[in-house]
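The values are calculated or read from the model by the stated rules, or taken from the named source; none is laboratory data. Everything numeric in this text was worked out from a predicted model, so none of it was measured. Cβ atoms come from the backbone with ideal geometry, glycine included; neighbour counts cover every protein chain shown. Note: accessible area is taken over every heavy atom of the protein model, side chains too, but ligands, DNA and RNA are not part of it. Shrake-Rupley method; radii C 1.70, N 1.55, O 1.52, S 1.80 Å.
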Amino acid sequence: MKKLKTRLDAFSDAVIAIILTIMVLDLTPVLRDNLHDYLFLSKQVGIYIISFAFVANMWYQHATLFNDIDDMSYRIMLYDFLFLIPLSLTPLATNMMASNTTRIPVMAYGLLLFLVSASFRLLARSVMHFEYTDKSKMRQLYRKIYGRHNQYYLIFNAILIVLTYFFPQIVLWFYLPYPLIYLVLSSRDRQQMYDASQLTTAQRQEYLQLPKNAINQFREMVQDQAATGTDGNTANAHHLQRGFTGWLDQPVEADSAGHLVNPHNPSNNPNSVEVRKERQAQWEEFAKQIRDGSKKYRDAAAQIRKQQRNADRDAVKQASRQAEQQQEQRKHDAEVAAKEAEVQRESREKASKQAAKEAERQQETNKESARQAAKDIERQAKAKRRAAHEEDKIREH
């Protein structure tokens, strides 16, 4: 199967090379001096750069992944074909998106990147399961080191697909930094995986118990010791610098300390035994620091818990005082409200009595008016009778 594995590597490289060639052949040349045509070509070139960066990064990930094994299984071969199928559709999706940068083509491009990334995760997992055994705990280490970043890649791509539905023109350019971030983080994960592979089984068990930040601290300690020449191999120390520039200048086939390695065949590397001993010694030093730090942490945690309990008691007392103050305030408010209600009741009673007196006075006034009206009517009637009597006398006379 070793020869077949070599041919599969060549086949994969050929497919990826053809993919990149087809993408550049799909660019539409400018045949007339027209600003619109040049702008359209510029957009096509930008989209081509995005796809080229993605495919080139997948080639690098594929090459470094298969460089770690010298044999393969049928499962690896099948997953490799499944990975190349969506990757070979990249020229089609790129051409569609360059010709029509709207919602559906950009979403289709994002979905294709999602499928390529997911299929490569499946391939990488199968290679890791084939390379290591359960006894070495390397499968658990792979999930611990790569697992979180793999989830971040897929979640980030899924979010971009959703956002493409609303902002296709803007989200398109977010696919450009994706391969670079993927490349940097995966190279760091690969270095951590190499560091873990140099440890003993017991040390790997301790490595598995560490949180993610502690693993990063171990990697930084290894790099710092290599940069200062304290790891026993100062020949490569001048190659190491912290930061992005140092990462660019570091050889591709090197561990996190800058040692040139050959994961494919460690026995051919004269420094492999020395590197393994150095890494194990560095781990013992780091584990000792962790244990010493753990005691300090426990003391600090106990002090923090004590302070927290005191703070909780103070908070309870403060809450009790506030409750009492609120109860007193509510009682005072109730008394004030009762007094106001009593005043309002007395006011209503006074107003009612005043209204009754007014009604009584009005009633007396009405009666007096009625009596006066009756007297007026009676006087008028007497006057009419006298007038009629006088008139009768005048007629008789």
Where a residue in the stretch 280-307 is over 19 Å from P211 (Cβ atoms) and exposed (fewer than 10 other Cβ atoms within 10 Å of the Cβ) and its partner, wherever it lies, is modelled with pLDDT under 75 and of a type in the set (V, I, T), with Cβ under 9 Å and at least six apart: none
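Only one of A235, A226, A196 is modelled with pLDDT under 70, assigned to a helix (DSSP H, G or I) and surrounded by 14 or more Cβ atoms within 10 Å (Cβ to Cβ); which?
Numbers: A235 fails: surrounded by 14 or more Cβ atoms within 10 Å (Cβ to Cβ); A196 fails: modelled with pLDDT under 70.
Within the list A235, A226, A196, the selection yields A226.
In this structure, does K3 turn out to be part of a helix (DSSP H, G or I), free of Cβ contacts under 8 Å to residues at least 60 places away in the same chain and loosely packed, with under 14 Cβ neighbours inside 10 Å?
Details: part of a helix (DSSP H, G or I): yes; free of Cβ contacts under 8 Å to residues at least 60 places away in the same chain: yes; loosely packed, with under 14 Cβ neighbours inside 10 Å: yes.
For K3, the condition - part of a helix (DSSP H, G or I), free of Cβ contacts under 8 Å to residues at least 60 places away in the same chain and loosely packed, with under 14 Cβ neighbours inside 10 Å - is met.
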Verdict on I181 being at pLDDT 80 or above, surrounded by fewer than 20 Cβ atoms within 10 Å (Cβ to Cβ) and of a type outside the set (D, E, K, R): no
Within the stretch 98-118, tally of residues that are over 14 Å from I161 (Cα atoms), over 23 Å from the mean Cα position of the chain (by Cα) and in a helix (DSSP H, G or I): 2
Lone qualifier among D80, D70 - being in contact with a His (Cβ under 6 Å, 6 or more places away or on another chain) and either among the polar types (S, T, N, Q) or closer than 27 Å to R188 by Cα (or both): D70
Among (1) open to solvent by 30 Å² or more (accessible area, probe 1.4 Å); (2) closer than 24 Å to Y178 by Cβ, the one test that R32 misses: (2)
Members of the stretch 68-86 found to be aliphatic (A, V, I, L, M) and not in a helix (DSSP H, G or I), listed by number: I69, M72
Unmet criterion (only one of (1) part of a helix (DSSP H, G or I); (2) at pLDDT 70 or above; (3) open to solvent by less than 50 Å² (accessible area, probe 1.4 Å)) for Y207: (2)
